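First comes the structure, then the notes that go with it.
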Amino acid sequence: MSNISSILKSIQTIMWQDTGLNGDAQRIEQLGWMLFLKIFSDKDKELELLDDNYTSPIPDLFHWVKEKGNWAGYDEGMTGDELLEFVDRQLFPALRNIDVSVGNRRALIVREVFEGNNNYMKSGINIRKVLNKLNEMDFNVAKDRHAFGELYESILKGLQSAGKSGEFYTPRAITSFITEMINPQLGEKILDPACGTGGYLTCAIEHLKLQANSVEERQSIAENIMGWEYKPLPYLLAITNLILHDMEVPNIRFGDALDQPLSNFTEKHRVNAILANPPFGGIVANNNENNFPQNFRTKESADLFLILMIHLLKQGGRAGIVLPDGSLTGDGVKQRVRQKLLEECNLHTIIRLPNSVFLCCDLFFGQISYKLR
């Protein structure tokens with residue numbers, strides 16, 4: 001742990017010296033895509049050893065380390081202006097346009113990550129220094145992966161002080177508490193429709209691992225844990241977070257949960273449990289409120305997410321949700337949402353959180369017990 005910690009501190013020091021990085025959010029995004037590619041490539045090496053038919057979706061030239069490429073994985077590889085030009089003019093364009101025509105989910109993840117994120121560093125020498133530090137970690141070694149997984153939480157926590165990016169991170173105490181209360185079970189479908197950096201999903205994964213006694217049961221976890229996220233930075237960080245928690249191909253969809261009619265979500269989309277801290281205080285874009293029934297239309301994202309999550313739960317499903325203060329009071333749409341909760345759901349518990357956790361919000365726990373579906 002101490003070695004991994006010192007590596008991260010060294011990387012942070014190097015990034016502070018680069019003129020292209022301004023603020024915590026940019027530093028986290030920069031480290032994020034580099035970590036993602038390193039972790040993804042280490043996993044590719046493992047998969048190639050285990051499966052003779054496996055082929056990485058990343059072309060050799062752009063892989064972290066391959067016989068034909070030395071841009072990242074070799075400490076004496078390219079540096080300076082040559083490396084900076086390679087990253088900006090070759091690496092990012094190639095991975096943003098990676099072939100996804102055959103439906104390879106790992107290829108799609110790479111493409112979506114690089115389509116939405118950027119290289120901010122302006123010094124190829126500093127990029128080389130960061131790459132060399134990352135090369136000191138092998139994410140196929142369980143000790144390194146688990147030690148880094150614990151420290152990754154501290155990286156994500158840095159988003160709390162990164163302006164608007166703070167909305168993507170929910171404190172571990174909250175995610176752990178909600179997971180314990182909802183108590184997901186093996187075989188259940190579990191969803192976070194606004195997953196941010198993946199805190200609820202990783203808590204659910206670790207909760208389910210304690211129940212798994214076979215390889216098959218552990219594999220079922222990856223199949224049943226699902227997330228949606230529509231902003232590039234948290235999507236990147238969530239994907240990396242789940243890979244660190246042994247999810248080989250994270251089941252996270254890059255897209256807006258509110259961008260289609262509520263009626264499109266049918267029984268096959270419903271889940272057993274929802275753990276979420278949906279965005280609130282914001283105004284929905286693209287007239288997405290028109291995707292909801294007339295009596296629930298509003299520009300307030302938290303109200304729409306609450307209606308969506310009620311709709312997405314199976315009969316007897318459970319939800320633990322962070323809501324802004326005032327969500328369950330007020331007139332108009334809020335009154336109709338409150339009526340829906342009281343008449344169609346088993347509203348179990350509301351906990352008021354102190355201002356030191358979020359600006360002001362409540363925890364809501366409930367079980368859907370519809371009289372009619």
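The values are calculated or read from the model by the stated rules, or taken from the named source; none is laboratory data. Since we're looking at a predicted model, the values are computed, not measured. Quick reminder, even Gly has a Cβ in these numbers, built from the backbone with ideal geometry, and neighbours come from all protein chains shown. Remember, those area values only see protein heavy atoms, side chains included, never the ligands or the DNA or RNA. Shrake-Rupley method; radii C 1.70, N 1.55, O 1.52, S 1.80 Å.
Below, the figures for the structure above:
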| quantity | calculated |
| --- | --- |
| Å² of accessible area per residue within the chain, as computed with a 1.4 Å probe and no ligands counted | 45 |
| Amide H within-cut-off set for Gly227, under 5 Å, with H built and near neighbours excluded | Asp192, Ile252, Arg253 |
| Prolate/oblate/rounded call for the stretch 43-161, Cα gyration tensor, a/c under 1.5 rounded | rounded |
| Backbone N within the stretch 31-55 under 17 Å of label point (7 Å from Asp138 Cα along the Cβ vector) | 38-50 |
| Backbone HN-Hα couplings from phi across the stretch 114-127 [Karplus 6.51/-1.76/1.60, Hz, Gly and Pro as x] | 7, 5, x, 10, 9, 8, 9, 5, 9, 10, x, 5, 5, 4 |
| Three-way shape call for the stretch 150-281 based on the alpha-carbon gyration tensor, with the a/c threshold at 1.5 | oblate |
| Helix-derived mean residue ellipticity, 222 nm - over the chain, DSSP H n ≥ 4, -39500 (n - 2.57), to 500 | -13500 deg cm²/dmol |
| Of all accessible heavy-atom area on the stretch 175-265, the percent that carbon and sulfur account for (1.4 Å) | 50 |
| Other-chain or far-sequence residues with amide H under 5 Å of Leu347's (modelled H) | Gln367 |
| Fraction of accessible area attributable to carbon and sulfur, the stretch 33-155 (%, probe 1.4 Å) | 48 |
| DSSP-defined antiparallel bridges as percent of all bridges, the chain, nearest 5 | 55 |
| Accessible surface of the stretch 277-358 [probe 1.4 Å, protein heavy atoms]: carbon and sulfur percent | 49 |
| Net length gained if the chain between Asn70 and Val249 were fully extended (0.36 nm per residue, minus Cα distance) | 61.9 nm |
| Whole-angstrom gap from the stretch 211-227 to the stretch 98-143, using each part's C-alpha centre | 26 |
| Prolate/oblate/rounded call for the stretch 272-358, Cα gyration tensor, a/c under 1.5 rounded | rounded |
| Per-residue HN-Hα couplings for the stretch 22-32 [Karplus 6.51, -1.76, 1.60; θ = phi - 60°; Hz; x = Gly/Pro] | 10, x, 5, 4, 5, 5, 5, 5, 4, 5, x |
| Rounded tilt (10° steps) of 142-157 against the dominant C-alpha axis of the chain | 60 |
| Assigned charges on the beta-carbon of Lys, Arg, Asp, Glu; the stretch 8-131 dipole about Cα centre (debye) | 300 |
| Charge dipole (debye, nearest 20) of the chain; +1 at Cβ of Lys and Arg, -1 at Cβ of Asp and Glu | 1020 |
| Neighbour net charge for Gln211 - beta-carbon separation under 14 angstrom, K R +1, D E -1 | -3 |
| 15 Å beta-carbon shell around Lys122, net charge (K/R +1, D/E -1) | -2 |
